[in-house]
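I'd like to ask you about the structure that follows.
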């Protein structure tokens with residue numbers, strides 16, 4: 001039996017009559033996913049406002065268990081806990097430029113003196129300010145500072161309960177090192193600590209290569225709980241350890257040279273057929289022989305932020321593929337792309353969207369072709385004329401080679417893995433953790449330096465490491481539930497064991513035996529609750545199945561007369577009879593924490 005975190009909770013709080021149990025038969029109408037519905041029905045959270053929830057006693061116990069495991073493993077990995085303010089001066093965010101760049105998700109407020117502040121969504125600026133004040137020499141490095149703290153992100157559309165709320169709790173950690181090599185070593189320490197944390201939670205998860213997004217950096221991994229309701233697509237190779245999120249997963253170029261043209265080019269009528277799927281069906285061609293034309297634009301700005309020049313780009317992707325915006329943003333020149341306006345499209349194509357293509361442009365533009373497209377022959381694209389397309393188009397013969405060839409599409413199941421291990425598979429996941437190597441992105445912007453061994457100032461190398469504390473229970477529920485309610489892993493359950501006496505007010509021996517078993521388990525350090533409410537068996541069992549306590553012991557008058565009690569795990573379809581004298585040991589042998 002593993003040793004889990006211990007909790008100093010007064011004994012009376014372990015009895016249901018003195019706890020707050022507030023289960024519901026029906027979920028609120030706005031609860032869309034299983035975790036939101038079940039957390040509301042189980043009385044774990046209550047909605048206060050859009051994306052803002054009160055953590056009720058049952059839910060808070062789960063969150064505290066998450067925090068305890070995270071705190072233990074972070075401390076074991078050498079990180080040092082601090083607590084940074086929720087409200088932070090805007091000046092720090094202005095130093096890095098994120099006060100303006102972060103957009104409306106960053107909640108900006110003013111105090112009575114008209115000074116700007118933010119409600120923290122993350123704390124890179126504040127922790128870097130601490131480091132530049134406190135760390136002066138290479139002798140003080142490495143350092144890793146972490147907090148478990150409230151965050152706020154002003155989501156446009158908060159939904160799914162704790163999965164995408166506006167106020168939430170996150171563990172965020174920040175490492176500081178003297179050089180790239182030691183920073184990457186610190187990153188690996190955190191990568192291993194995260195695996196230990198998520199292993200202890202008892203969840204099925206994958207660590208996947210990821211894009212660093214708005215925070216920045218080069219080396220990045222996401223930790224995804226596997227769930228069919230997950231928002232994220234996880235790409236992995238069943239034959240190897242390769243795994244990446246959809247944003248990061250590489251789509252390899254097809255093997256072999258481009259086929260020689262076998263068709264002549266020609267314009268074909270496609271009345272009212274403006275999508276690749278419609279065109280392919282109308283012309284009785286494979287969808288894979290058509291091309292999507294996506295028109296983007298980039299703007300050059302002066303020192304005042306005014307647009308002085310715009311450049312229009314044409315992206316070409318196979319008709320049965322979808323554009324990967326993150327990959328597109330990595331193409332040189334397209335970091336800050338936007339979709340072109342109708343006026344810009346008309347200037348270059350002289351046609352409405354739906355019939356666009358690279359042949360016969362009114363004005364030249366930069367063409368970016370996906371790797372697959374660069375090796376296609378005899379393809380179909382828009383004719384830049386309403387209700388017409390061009391068939392039999394070939395590179396070299398009918399138009400020049402593209403300006404750029406790049407991986408700009410989402411992978412699909414069956415694509416070859418980049419590591420050569422075979423075909424890729426895709427499953428859904430919920431992101432619960434993310435780690436980044438940041439480099440000097442923030443230390444340079446905020447002039448956070450230390451003196452190296454030669455007495456020269458150097459910028460600190462940084463890493464950033466987050467875990468969604470309040471999101472994790474919701475992700476666990478999405479992975480572990482059935483028609484009756486939640487099925488918690490032992491490490492996350494609000495209570496690990498529940499004792500359910502049947503009619504204890506009618507049968508004194510039942511009440512006495514339940515109290516004795518309760519005291520024995522409590523003395524052994526088991527996280528147990530005694531349901532002394534006197535509820536009827538059906539209602540009592542329904543409550544605990546909904547709440548999801550994994551281990552249940554039922555005591556009844558008839559069983560006790562035979563010297564037996566009933567044990568049932570939340571996943572079991574039937575109870576097991578156990579001698580009363582062996583009940584505590586039986587349960588303890590089945591605990592995983």
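What shape does the stretch 97-142 take by its C-alpha gyration tensor, where a ≥ b ≥ c are the square roots of the eigenvalues and a/c under 1.5 counts as rounded, a/b above b/c as prolate, and the rest as oblate? Could the numbers behind the result be given before it?
Details: a/c = 3.65, a/b = 2.13, b/c = 1.72.
Note, shape of the stretch 97-142 comes out prolate.
Quick check: the angle from helix 537-547's long axis to the longest principal axis of the chain, C-alpha only, nearest 10 degrees?
The angle comes out near 40 degrees.
Separate question: Zone of residue 15 (label point 7 Å along Cα→Cβ, backbone N under 11 Å): which residues in the stretch 493-526?
515
When the helix-only estimate is applied to the chain (DSSP H runs of n ≥ 4, each -39,500 (n - 2.57), divided by the residue count), what is the mean residue ellipticity at 222 nm, nearest 500 deg cm²/dmol?
Working: 16 runs with 151 residues, N = 593.
One gets -7500 deg cm²/dmol as the mean residue ellipticity at 222 nm.
While we're on this one: Apply 1/(1 + (r/R0)^6) to the Cβ-Cβ distance of residue 26 and residue 413, taking R0 = 35 Å, and write down the FRET efficiency to the nearest 0.05.
On the way: r = 37 Å, r/R0 = 1.07.
Computed FRET efficiency for residue 26 and residue 413 comes out at 0.40.
By count of other Cβ within 10 Å, fewest leading, how are 113, 434 ordered? List each step's numbers first, then the result.
Values: 113 5, 434 22.
Ordered by Cβ neighbours within 10 Å, fewest first: 113, 434.
Using packing as a proxy for protection, rank 132-145, 318-331 so that the peptide with the highest average count of other Cβ atoms within 10 Å comes first.
On the way: 132-145: 15.9, 318-331: 17.9.
Going from most to least packed, we get 318-331, 132-145.
Let me ask something else about it. Once Rh for the stretch 308-417 is found with the Kirkwood sum over Cα pairs, what is the Stokes-Einstein diffusion coefficient at 25 °C and 0.890 mPa s, in µm²/s?
Details: Rh = 14.8 Å.
Estimated via Stokes-Einstein, D reaches 166 µm²/s.
If we sort 298-310, 360-372, 172-184 on the protection proxy, mean other Cβ atoms within 10 Å, highest first, what's the order? Numbers along the way, then the final one.
Details: 298-310: 9.8, 360-372: 18.2, 172-184: 20.8.
Packing order, densest peptide first, comes out as 172-184, 360-372, 298-310.
What are the radius of gyration and Dmax of the chain, computed over its Cα atoms and given in Å?
Reported Rg and Dmax, both Å: 29.5, 94.
In addition: Under the classification rounded if a/c is under 1.5, otherwise prolate if a/b is larger than b/c and oblate if not, where does the stretch 40-185 fall, given a ≥ b ≥ c as square roots of the Cα gyration tensor eigenvalues? Intermediate results must be reported in sequence, preceding the final value.
Working: a/c = 2.43, a/b = 1.27, b/c = 1.92.
In terms of gyration-tensor shape, oblate.
Take peptides 160-169, 568-577 and line them up by average Cβ neighbours within 10 Å, highest first, as a rough protection proxy. Numbers along the way, then the final one.
Details: 160-169: 22.3, 568-577: 12.4.
The packing order, highest mean first, is 160-169, 568-577.
When N counts the residues of the stretch 343-491, how does its alpha-carbon radius of gyration compare numerically with 2.2 N^0.38 Å, as a ratio? Each step should come with its number before you reach the end.
Details: Rg = 25.7 Å, N = 149, 2.2 N^0.38 = 14.7 Å.
Cα Rg divided by the expected 2.2 N^0.38 Å: 1.75.
Could you work out how much longer the chain between residue 95 and residue 109 gets when fully extended? Use 0.36 nm per residue separation minus the Cα distance between them, nm to one decimal.
Numbers: separation 14, 0.36 × 14 = 5.04 nm, distance 1.74 nm.
Value of the extension gain: 3.3 nm.
Using alpha carbons only, how many degrees (0 to 90, rounded to 10) separate the axis of helix 124-134 from the longest principal axis of the chain?
Roughly 80 degrees, rounded to the nearest 10.
Another one. Treat each spin label as a single point 7 Å out from the Cα along the C-beta direction, and report the residue 362 to residue 338 distance in nm.
Modelled inter-label distance: 2.0 nm.
Pairs of alpha-carbon atoms within less than 8 angstrom and 6+ residues apart define the contacts here; what relative contact order does the chain have, in percent? Write down the numbers at each step before the final one.
Details: 1233 pairs, mean separation 100.9, N = 593.
About 17 percent, as a whole number.
Would you please give the FRET efficiency between residue 192 and residue 508, computed as 1/(1 + (r/R0)^6) with r the Cβ-Cβ distance and R0 = 51 Å, to the nearest 0.05? Before the final figure, lay out the partial values.
Details: r = 54 Å, r/R0 = 1.06.
The computed FRET efficiency comes out at 0.40.
Sort the stretch 236-307 into rounded, prolate or oblate with this rule: let a ≥ b ≥ c be the square roots of the eigenvalues of the Cα gyration tensor; rounded if a/c is under 1.5, and if a/c is not under 1.5, prolate when a/b is larger than b/c, oblate otherwise.
Values: a/c = 2.09, a/b = 1.12, b/c = 1.87.
Oblate shape, in that a/c is at least 1.5 and b/c is the bigger or equal ratio.
Since every read-out is calculated from the coordinates, none of them should be taken as a lab result. Here the structure is a predicted model, which is why all the values come from computation and not from measurement. Neighbour counts are summed over all protein chains in view; Cβ atoms, including those assigned to glycine, are modelled from backbone coordinates with ideal geometry.
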